[in-house]
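Here is the structure we will look at, set down as structure tokens.
The values are calculated or read from the model by the stated rules, or taken from the named source; none is laboratory data. In this text the structure is predicted, and so the values were computed from the model without any measurement. Here the Cβ is made from the backbone with ideal geometry for all residues, glycine too, and neighbour counts use every protein chain on show.
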Amino acid sequence: MSDEVQKAKEAAAGDGDGDGEPLTIFDKIISGDIPATIIHDDEFCIAFRDVNPVSPIHFLVIPKNRNGLTQLSKAREDQKELLGHLTYVAQKLGQKECPDGFRLVINDGKDGAQSVYHLHIHVMGGRQMQWPPG
């Protein structure tokens, strides 16, 4: 079992949907308590380099205010604009950093190997990606 899958199982053992849990590592990055290499910062989201990249270019795009948006499957109607903004920022940064193409990934829940219950988009590129991904 991969380390990320084990982390996902441990994270899912919380209160079910992850909301109401103590601050996540992402909340601590947003507040500046944990350092990160920030590549984008606006009113709604930040993007930063992944500390354990799985490709030459690997960064995350996350909402600044989680507001219950712990995973994609729990998104509410009132979060549609935020989800669109996150995706737009991911594609703009992806085009800039990976002009030959990139992959967006959102892990959702335990079986999706989600290890942090604060919605986040992985943007990966810088090499030829393989299919199927795993």
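Of all residues in the range 41-67, those that are within 15 Å of residue 117 (Cβ to Cβ) and surrounded by fewer than 16 Cβ atoms within 10 Å (Cβ to Cβ) total 2.
Selection of the range 91-133 for residues being over 18 Å from the mean Cα position of the chain (by Cα) and without any contact (Cβ under 8 Å) to a residue 40 or more places away in the chain yields 96, 99, 100, 101, 128, 130, 131, 132. Against the test of being out of contact with any helix residue (DSSP H, G or I) (no Cβ under 9 Å at 6 or more places or on another chain) and crowded, with 19+ Cβ neighbours inside 10 Å, the options 70, 87 yield a single qualifying residue, 70.
If you go through the range 82-134 and pick out every residue that is of a type in the set (Lys, Arg) and within 18 Å of residue 45 (Cα to Cα), you end up with 2. Number of residues in the range 34-68 that are at pLDDT 95 or above, in a loop (DSSP other than H, G, I, E, B) and not polar (S, T, N, Q) equals 12.
Please pick out the residue among 80, 92, 110, 96 that is outside any helix (DSSP H, G or I) and of a type in the set (Lys, Arg).
So the residue among 80, 92, 110, 96 that is outside any helix (DSSP H, G or I) and of a type in the set (Lys, Arg) is 110.
Being within 26 Å of residue 132 (Cβ to Cβ) and among the polar types (S, T, N, Q) is a property that residue 71 has. With respect to the conditions (1) more than 12 Å from the chain's Cα centre (by Cα); (2) within 17 Å of residue 67 (Cβ to Cβ), residue 88 lacks only one, and its number is (2).
Taking each residue of the range 62-82 that is closer than 16 Å to residue 122 by Cβ and looking for partners that are polar (S, T, N, Q) and part of a loop (DSSP other than H, G, I, E, B) with beta-carbon atoms closer than 8 Å, six or more apart or interchain, yields 71/114.
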